[in-house]
Amino acid sequence: MHTLSKPNFKKGIQSITYPALIFAGLSVYFALIDLGFSNFLASTLPVVICLAVILALETKLPYRKEWSAKHSDIKTDIPLLILIQMVAPKLLGLAVGLLLAQSAMSLDALDEIWPKHWNILSQTLLMVLLADLLRYWLHVAAHKIPLFWKFHAIHHQPKKLYSINVGRFHPIEKTIQFLFDSLPFILLGVTPEVIACYFVFYAINGFIQHSN
């Protein structure tokens, strides 16, 4: 009986990991929303579950064994991951919300631009495409502008790739990223559900991009 060799099995797992986890993460999000979970929990839990799967795959099927995270790496990366990738965006979003609530500035014209009549997945896809376009040019600028590179260089300091070092960003760069990939959509009146969907995709995508 023919059986798959280990290299072929590993390659097969690598090939299906990305689409499977993106699909699973979004499916879990919608399932939790239907069960009455808050938007925060419904978007956080699928990311945590998918990260656990990625960590397990990195342990069992590493691309390079020498890239495996050591205890000293994890002690640095976990706090950064929580503070930079989770806490900082929430605080920045809260600050913008409070500022808009207290501002006399009318955003009605901007609010009418975003296609809120589309379904959530279609709006999320549009947000992913637009945000990724903005982030692409921001990334180019980070490599071209010397002052910006001083902050961005922190992200390139690690000599190995594994999922949880995706959070190695300088707080100033993370703030600049927020101005490009979140603030425009908040000003356009994108609903919290669409932003949460984007977060699920963006987080899982980032973990897979950095995974070993």
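The values are calculated or read from the model by the stated rules, or taken from the named source; none is laboratory data. What you see is a predicted model, and the numbers here were worked out from it, not measured in a lab. Counting neighbours? That spans all protein chains shown, and the Cβs are built from the backbone with ideal geometry, glycine included. The area values use the complete protein model at the heavy-atom level, side chains included, leaving out ligands, DNA and RNA. Shrake-Rupley method; radii C 1.70, N 1.55, O 1.52, S 1.80 Å.
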Cβ-Cβ distance below 7 Å, separation of 6 or more or different chains: which pairs start in the range 108-124 with a residue that is of a type in the set (S, T, N, Q) and end on one that is at pLDDT 95 or above and not in a helix (DSSP H, G or I)?
none
If we ask which residues in the range 22-70 are in contact (Cβ under 8 Å) with a residue 12 or more places away in the chain and either of a type in the set (A, V, I, L, M) or under 21 Å from residue 12 (Cα atoms) (or both), their number turns out to be 25
Residue 22: within 17 Å of residue 193 (Cα to Cα), in a helix (DSSP H, G or I), modelled with pLDDT of 95 or more and within 15 Å of the chain's Cα centre (by Cα), yes or no?
yes
Within the range 69-79, considering residues that are open to solvent by 50 Å² or more (accessible area, probe 1.4 Å) and either within 25 Å of residue 17 (Cα to Cα) or among the polar types (S, T, N, Q) (or both), the one modelled with the highest pLDDT
78
Counting only helices (runs of 4 or more DSSP H) wholly inside the range 99-212, the ones holding at least 1 residues that are more than 18 Å from the chain's Cα centre (by Cα) and modelled with pLDDT of 90 or more are 120-144, 146-152
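Would you check which residues across the range 180-212 are aromatic (Phe, Trp, Tyr), out of contact with any Ser or Thr (no Cβ under 8 Å at 6 or more places or on another chain) and open to solvent by 20 Å² or more (accessible area, probe 1.4 Å) and list them?
180, 202
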Output for the range 25-37, where each listed residue is of a type outside the set (S, T, N, Q) and either part of a helix (DSSP H, G or I) or under 16 Å from the mean Cα position of the chain (by Cα) (or both)
25, 26, 28, 29, 30, 31, 32, 33, 34
From the residues in the range 153-163 that are under 21 Å from residue 83 (Cβ atoms) and out of contact with any Phe, Trp or Tyr (no Cβ under 8 Å at 6 or more places or on another chain), which one is surrounded by the most Cβ atoms within 10 Å (Cβ to Cβ)?
158
Checked against (1) closer than 25 Å to residue 94 by Cβ; (2) buried (at least 17 other Cβ atoms within 10 Å of the Cβ), residue 130 satisfies every condition except (2)
